[in-house]
Amino acid sequence: MYVDLKGVRLEYPAAEPRGEPVLALEELTMGVGEGEFAAVVGPSGCGKSSLMRLATGLRRPQEGDISVAGAPVTGPLSITGMAFQNPSLLPWRTTLANVMLPLEIVRPHRGRLRRHRAEYEQQAEDLLSLVGLGGFGSRFPWQLSGGMQQRANLCRALIHDPVLLMLDEPFGALDAFTREELWQVMADLHAAKKFTVILVTHDLREAVYLADKVFVMSARPGKIIAERKVPFERPRPMDLIYEREFVDLVQDLRGLIADARSGTGAGQRAAA
């Protein structure tokens, strides 16, 4: 597996001197193949975002093994791009300058940026065009809609050519129409770039539309209680979300999460 987590346990220290530590993840095992698009769903507070931090090396587990591309994860990974629900674009930088920000930080790009700026700027412009923002590189974030800012955010996550893209609720704050529009943008980017993706989301339709497989987490402490392969061929038309097989899979996932939240019936349903 390209991203491999085995028997992972993560505990956060107590927030107060006399408080109790918080066990976020326990015996979590999952694997994502190279080039796969995986989604992770589950009840609120189950540790989905903690899983993201572990897979990118931003935190270390107390127990278990984590590897990416066959190498143990011992610290932050430079091969990873990340996008979150809040685009967090710097308001004093143009859209193009925001997209290029990782190039000033991530090796080897930061050492090459001054000598090859024109080449990198063209790469950023090409990415912006790919997501429908051609010609908007000179605009500032406050001149863009929420959906346009999130498109720029995706470009920023991809500008240094990561082989692993981590998405933490990237479309959650958008209206339904814009969200579905960006699903297609994300699917097109994945088809064009062939990177490996792990998407954390509460939107089950989003998970099924975008992913090759969906992992379902239990309530805290989180672990993987089910895995569902998504059977639909790519590219996927938008009206797929209304078809019976798609709706049935979404309902299956919803039932698994309801069981996980209540702590009942998860075993029987997961084995189905």
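Table for the structure above
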| read-out | value |
| --- | --- |
| Residue match in segment 178-189 (condition: hydroxyl-bearing (S, T, Y), touching a helix residue (DSSP H, G or I) at 6+ places or on another chain (Cβ under 6 Å) and crowded, with 21+ Cβ neighbours inside 10 Å) | no |
| Near pairs, Cβ below 6 angstrom, 6+ apart or cross-chain, from segment 117-134 (over 14 Å from K193 (Cα atoms)) to any residue that is of a type in the set (K, R) | L133/R151 |
| Test: residue in segment 236-243 that is in a loop (DSSP other than H, G, I, E, B), among the β-branched types (V, I, T) and modelled with pLDDT of 95 or more | no |
| Residues within segment 149-177 that are buried (at least 20 other Cβ atoms within 10 Å of the Cβ) and assigned to a helix (DSSP H, G or I), tallied | 10 |
| Lone qualifier among V247, V208 - being closer than 30 Å to A152 by Cα, modelled with pLDDT of 95 or more and either in contact with a strand residue (DSSP E or B) (Cβ under 7 Å, 6 or more places away or on another chain) or assigned to a helix (DSSP H, G or I) (or both) | V208 |
| Which numbered condition E233 misses (of (1) surrounded by 17 or more Cβ atoms within 10 Å (Cβ to Cβ); (2) farther than 26 Å from I159 by Cα) | (1) |
| Looking only at segment 35-59, and only at residues there that are of a type outside the set (A, V, I, L, M, F, W, C) and more than 15 Å from the chain's Cα centre (by Cα), the one that is nearest to Y12 (Cα to Cα) | R59 |
| Selection count where residues are assigned to a strand (DSSP E or B) and either in contact with a Ser or Thr (Cβ under 6 Å, 6 or more places away or on another chain) or among the hydrophobic types (A, V, I, L, M, F, W, C) (or both), scope segment 13-46 | 12 |
| Residue within segment 56-79 that is closer than 21 Å to R179 by Cβ, in the same structural domain as H202 (by TED's automatic domain parsing), touching a strand residue (DSSP E or B) at 6+ places or on another chain (Cβ under 9 Å) and among the hydroxyl-bearing types (S, T, Y) present | no |
| Candidates Q149, Q184 - the one that is more than 30 Å from M1 (Cα to Cα), touching a residue at least 40 places away in the same chain (Cβ under 8 Å) and not hydrophobic (A, V, I, L, M, F, W, C) | Q149 |
| Qualifying residue in segment 114-125 (condition: modelled with pLDDT under 85 and within 14 Å of the chain's Cα centre (by Cα)) | no |
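The values are calculated or read from the model by the stated rules, or taken from the named source; none is laboratory data. Computed from a predicted structure; not experimentally measured. In this analysis, Cβ positions are derived from the backbone assuming ideal geometry, glycine residues included, and neighbour counts consider all displayed protein chains.
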